[in-house]
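Report on one structure; see the data block that follows.
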Amino acid sequence: MDNRENKVQVSHLTKQFGDLLVLNDISFNVKKGEFLCIVGPTGCGKTTFLNSLTKLYQPTKGEILINGEVVDLKKHNIAYIFQEYSTMPWLTVEENVRFGLDIKHIDRSISDKKVEEYLDIVGLTKYRKYYPDQLSASMLQRVVIARAFATEPEVLLMDEPYGQLDIDLRFKLEDELLHLWQRNKTTVIFITHNIEEAVYLGERILVLTNKPTSIKQEIINDLPRPRDIASPDFIQLRNEVTDLI
């Protein structure tokens, strides 16, 4: 029994573009501090959901609440990590990590400590003066993760952030992400088409249908951590999710 309070409440979310119905009456809650993974067929509307949550898209019907209030980016601290690398090429690693703190007008003495802390956590302290074009793919994604967590968001949205990385780098970054999530108790909504990744990361998995998209099934993932991708229980759950898609 999960007694955590609801952080995000999605009620009858529907999104239509002209005659195209993308999201069809979607309802679910996300608990405070939960790591929720959302999987589904390519092009089913996973990103449209995240864009609705951040108000990039206005829902056609329904509502999304954070702490019982309609999402308001001026009030709610939400961070978004995209599939594409979103570092700013004209800023150093250090300046990229500081960027979100500056946007929120965090006091410089506090932001200095946060930048130092998160550069250290993601192992980029000695690369602080490098520019993005001097970094590897995994280092670029570490910069983005450090920037997101440095603002200590209430809700962190991640849209297939490791889709372009090879499997070894992906597992390493997933472990770093889990460490930060457990450390900060952040509420994470993680979109992926990679079923193994969803089973490795999530406390709960929502499986979506093809368009018009609805929730096909919710799966509680209580496999112990650290998770062993070769264990029979892991493989069984992965196969269960695969069969649903």
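Here the simple spin-label model places points 7 Å from the Cα toward Cβ, and for residue 222 and residue 109 these points are separated by 4.7 nm. Taking Cα atoms only, the orientation of helix 108-121 departs from the longest principal axis of the chain by about 70 degrees. Phi angles of region 12-19 translate, via the Karplus equation with coefficients 6.51, -1.76, 1.60 and θ = phi - 60°, into HN-Hα couplings of 6, 5, 10, 9, 10, 10, x, 8 Hz per residue; Gly and Pro are given as x. When you count the other C-beta atoms within 10 angstrom of each residue and take the mean per peptide, 181-194, 159-172 line up highest first as 181-194, 159-172. The C-alpha atoms of region 96-219 occupy a region whose extents along the principal axes are 47, 29, 25 Å, arranged from largest to smallest. Heavy atoms of the protein chains alone define the surface here; on that basis the chain has 48 Å² accessible area per residue at 1.4 Å probe size. Full extension of the chain between residue 42 and residue 27 yields a length gain of 3.3 nm, computed as 0.36 nm times the residue separation minus the alpha carbon distance.
Candidate cross-link partners of residue 114 among the aspartates and glutamates, defined by an alpha-carbon separation under 19 Å and a same-chain spacing of 8 or more, comprise 94, 95, 102, 152, 154, 176. Computed 3J(HN,Hα) for region 211-227, one whole-Hz value per residue from the Karplus formula 6.51 cos²θ - 1.76 cosθ + 1.60 where θ = phi - 60°, is 5, x, 7, 9, 7, 7, 6, 10, 10, 7, 10, 9, 4, x, 10, x, 8, glycine and proline marked x.
The packing ranking, built from the mean of other Cβ atoms within 10 Å per residue, places the peptides 231-242, 33-44 in the order 33-44, 231-242, highest first.
The alpha-carbon of residue 7 sits under 18 angstrom from the alpha-carbons of these lysines, leaving out residues fewer than 8 places away in its chain: 31, 32, 55, 74, 75, 185. Using the Karplus relation 6.51 cos²θ - 1.76 cosθ + 1.60 with θ = phi - 60°, the per-residue 3J(HN,Hα) values for region 158-170 come to 10, 10, 6, x, 10, x, 9, 9, 6, 5, 5, 5, 4 Hz, with x marking Gly and Pro. With both labels modelled 7 Å from their Cα along Cα-to-Cβ, the residue 185 to residue 164 distance reads 3.5 nm. What pairs in 15/113; 172/216; 46/172; 46/113 have C-alpha atoms more than 32 Å from each other? The answer is 15/113; 46/113.
The values are calculated or read from the model by the stated rules, or taken from the named source; none is laboratory data. Note that the structure is a prediction, hence the values are computed from the model and not measured. We place every Cβ from the backbone using ideal geometry, glycine too, and count neighbours over all the protein chains shown. Ligands, DNA and RNA are stripped out before the accessible areas are found, and what is left, the full protein with its side chains, is counted by its heavy atoms. Shrake-Rupley method; radii C 1.70, N 1.55, O 1.52, S 1.80 Å.
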